[in-house]
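Here is the structure we will look at.
The values are calculated or read from the model by the stated rules, or taken from the named source; none is laboratory data. Just so we're clear, the structure is a prediction, and the values are computed from it rather than from any experiment. Reconstructed Cβ throughout: ideal geometry from the backbone, glycine too, with neighbour counts over all protein chains shown. To get the accessible areas, we keep the full protein, side chains included, count just its heavy atoms, and leave off ligands, DNA and RNA. Shrake-Rupley method; radii C 1.70, N 1.55, O 1.52, S 1.80 Å.
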Amino acid sequence: MYETLDRLLDGPPPGAPEGELVDWITRLEAVKCRAEAVQAEASVRLEEAVRARQAQAGVPARKLGEGVASQVALARRVSPAKGAKLLGLAKILLAEMPHTFSLMKAGLFSQWQATILARETACLSREDRRVIDHELCAIGSDGQSAKAVAMGLRQLENAAKKLAITLDQASVVARAANAEKDRRVGLRPAPDTMTWLGALLPVKDGVAVFAALDQAANAARAAGDERTRGQVMADTLVDRVTGRETGAKPRIEVKIVMTADSLANTSDQPALVEGYGPVPASWAREALADAEVFVRRLFTDPAGQLVAMESRSRKAPDGLAEFITTRESGICRTNGCDAPIRNIDHIERHADGGETSAQNLQGLCERCNQAKEALGWQARPGPDGSITTITPTGHTYTTPPPDTWTPDPPTLSRDEFVLRDLLLDYPAA
């Protein structure tokens, strides 16, 4: 029906009947699965080639393969953490889950379905993992379709869990006990100046927290509270964590970048809240008035651009490091990476003559900072604040400048200098 891939990607002709349109969707889904399988295969071959090159260059065995996950991430336009997961999955599929990989190459199994199987069998030996791979993804001796193909995601997850427990219950129990070490809290932006606050907790703790919030909602609703159940639970969570329910305003520190005019309510230029992103000036002013907040503010010119700083030392001083972190909104500069900044690093290496200045510094997460030190990686700053990264294969990736980047410090008037000093550590009313 479709002679070439290019013909398929041209899309259905105008006026195509419903049945044919469904066929297009089905075929395109198969192409996506096959493409993901080929990407996995290419990723494994890339790592093999890189490890061989690095070994020949005398790189220590423990560092062989460094930077490969970051190259995969850049090529697939995802974060380095996601790139590492994709590379890890690819290695597992090709080495330990041949039937799952075959289903992907046949266009019958997606990367996410393969991820579920790999995740739920991670604690097992290679032999046991192969048993589950065969049980769920192998084609029957009579040509019958693999069991996993017809399963929904939850069904697939439960089937893998059940088989894993049957094969090696002790490993599954040990994994569950060890997983408690991964408990954490995360925060990510949501639309309309909202955020998603999430926590990974042991089952007993997570259920207990939710039950306590649910109980508070039931009590409030029984007393005639007009808020929805969800609103009561959300407000109760904030009240109990911050201490707001006692009547005292929480004492917090918010790093916010905004012009003096916006802070003084004479302008509505957007502000920037580190850890979230741009917010309306009116919203920022209201938020600052809602709690006892200290405004830790780096001065901007009237256009909202941060003033640059420089240092002669190799390590960025605290003030300059804070400047870089704020300038980049606390987010790693690497293309596609949304991880928080953990290191302030030179774009052009200090050993190669790179200066410790705002123009030659960038904020990176731990993973990206380590990747750029691998053999063959280079980077250079652009005059507009962009960063060009060159991988060992010669591919280049350009990171655009942050919104608050400025090439040169603007000339400040005496009044502006005074205003800057007044705003530093200024307690909001």
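Within the range 351-370, is even one residue in contact with an Asp or Glu (Cβ under 8 Å, 6 or more places away or on another chain), of a type in the set (Lys, Arg) and either free of Cβ contacts under 8 Å to residues at least 60 places away in the same chain or surrounded by 15 or more Cβ atoms within 10 Å (Cβ to Cβ) (or both)? Among the residues of the range 351-370, not one is in contact with an Asp or Glu (Cβ under 8 Å, 6 or more places away or on another chain), of a type in the set (Lys, Arg) and either free of Cβ contacts under 8 Å to residues at least 60 places away in the same chain or surrounded by 15 or more Cβ atoms within 10 Å (Cβ to Cβ) (or both), which makes the answer no.
Can you pull out the residues in the range 86-109 that are under 21 Å from the mean Cα position of the chain (by Cα) and buried (at least 18 other Cβ atoms within 10 Å of the Cβ)? 86, 87, 89, 90, listed by residue number.
Of the candidates 40, 52, 75, 69, the single residue that is over 22 Å from residue 372 (Cβ atoms) and of a type outside the set (D, E, K, R) is 40.
Can you name the residue in the range 129-144 that is open to solvent by 80 Å² or more (accessible area, probe 1.4 Å) and at pLDDT below 90 and, of all such residues, is farthest from residue 94 (Cα to Cα)? In this case the residue turns out to be 142. Residues in the range 33-55: is at least one small (Gly, Ala, Ser), touching a Leu at 6+ places or on another chain (Cβ under 7 Å), open to solvent by 50 Å² or more (accessible area, probe 1.4 Å) and at pLDDT 95 or above? For the range 33-55, residues small (Gly, Ala, Ser), touching a Leu at 6+ places or on another chain (Cβ under 7 Å), open to solvent by 50 Å² or more (accessible area, probe 1.4 Å) and at pLDDT 95 or above: present. Among helices (runs of 4 or more DSSP H) entirely within the range 172-271, having at least 1 residues that are surrounded by 12 or more Cβ atoms within 10 Å (Cβ to Cβ) and modelled with pLDDT of 80 or more singles out 203-222, 229-242.
Checking the stated criteria, residue 159 turns out not to satisfy the condition of being under 27 Å from residue 90 (Cα atoms) and assigned to a loop (DSSP other than H, G, I, E, B).
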